[in-house]
Amino acid sequence: IMGLDMYLSAKTYVSKYDYNQREDGEPVVTQKFKDTLAIYPELNTGDIYGFEVSRTVCYWRKANAIHRWFVQNVQAGEDNCAEYRVHRDDLEQLRTDIKKVLDHKDKPDDVLPTEAGFFFGSTEYDAWYYGDLEHTLTFINEALDTDRFKDYDFYYQSSW
């Protein structure tokens, strides 16, 4: 099915060794590495000194106002389906913008306007629009207000 699909990923590097702690002159294998490895037991870890873990933490479908926000504020206006780093300050600003719209629903197009595009979905300010904002706000609150993602970097990518 064609349309605007949007992904926010969280990525972190998991090092195999803690070089600050040593046992018998050798660095200690980190607990985080062991815990992550438990998810991927098929990996041969002999030559691996660490690996990047990436997971999609937020997904949207045809949330064109949110997509427009990322294009304008993170991607410097380039709407090209590439992956872009999203800083925590960016997420803070998006949260602020969403709260403005949810608190003052009379002028959503002043803060988070919709955007027409090839199978980008509706440009109406309707229940779907506000549902996308609520969905996004829930994720941002979890990402920024808990320790769950404190060691992660965020990346946005769209596909259409």
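Numbers for the structure displayed
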| item | result |
| --- | --- |
| Residues of segment 140-160 classified as modelled with pLDDT of 95 or more and not polar (S, T, N, Q), total | 5 |
| Qualifying residues in segment 72-89 (those that are in a helix (DSSP H, G or I) and either without any contact (Cβ under 8 Å) to a residue 24 or more places away in the chain or of a type in the set (S, T, N, Q) (or both)) - the one least open to solvent (accessible area, probe 1.4 Å) | 73 |
| Failed item, numbered, when residue 102 is tested on (1) outside any helix (DSSP H, G or I); (2) over 20 Å from the mean Cα position of the chain (by Cα) | (1) |
| Single residue of segment 114-144 satisfying the filter (open to solvent by less than 30 Å² (accessible area, probe 1.4 Å) and in a loop (DSSP other than H, G, I, E, B)) that is farthest from residue 4 (Cα to Cα) | 114 |
| Residue within segment 107-123 that is closer than 30 Å to residue 32 by Cα, under 21 Å from the mean Cα position of the chain (by Cα), at pLDDT 95 or above and of a type outside the set (A, V, I, L, M, F, W, C) present | no |
| Conditions (1) open to solvent by 40 Å² or more (accessible area, probe 1.4 Å); (2) within 21 Å of residue 56 (Cα to Cα); (3) not in a strand (DSSP E or B): number failed by residue 155 | (3) |
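For (1) farther than 30 Å from residue 129 by Cα; (2) among the acidic types (Asp, Glu); (3) assigned to a helix (DSSP H, G or I); (4) open to solvent by 40 Å² or more (accessible area, probe 1.4 Å), each residue gets a yes or a no:
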{"position": "3", "(1), (2), (3), (4)": "no, no, no, no"}
{"position": "11", "(1), (2), (3), (4)": "no, no, no, no"}
{"position": "18", "(1), (2), (3), (4)": "yes, yes, no, yes"}
{"position": "27", "(1), (2), (3), (4)": "yes, no, no, no"}
{"position": "41", "(1), (2), (3), (4)": "yes, no, no, yes"}
{"position": "56", "(1), (2), (3), (4)": "no, no, no, yes"}
{"position": "106", "(1), (2), (3), (4)": "no, yes, no, yes"}
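The values are calculated or read from the model by the stated rules, or taken from the named source; none is laboratory data. Being a predicted model, the structure only gives us computed values, none of them experimental. Neighbour counts are summed over all protein chains in view; Cβ atoms, including those assigned to glycine, are modelled from backbone coordinates with ideal geometry. Just so you know, the surface numbers come from the protein's heavy atoms only, side chains and all, with ligands and any DNA or RNA stripped out. Shrake-Rupley method; radii C 1.70, N 1.55, O 1.52, S 1.80 Å.
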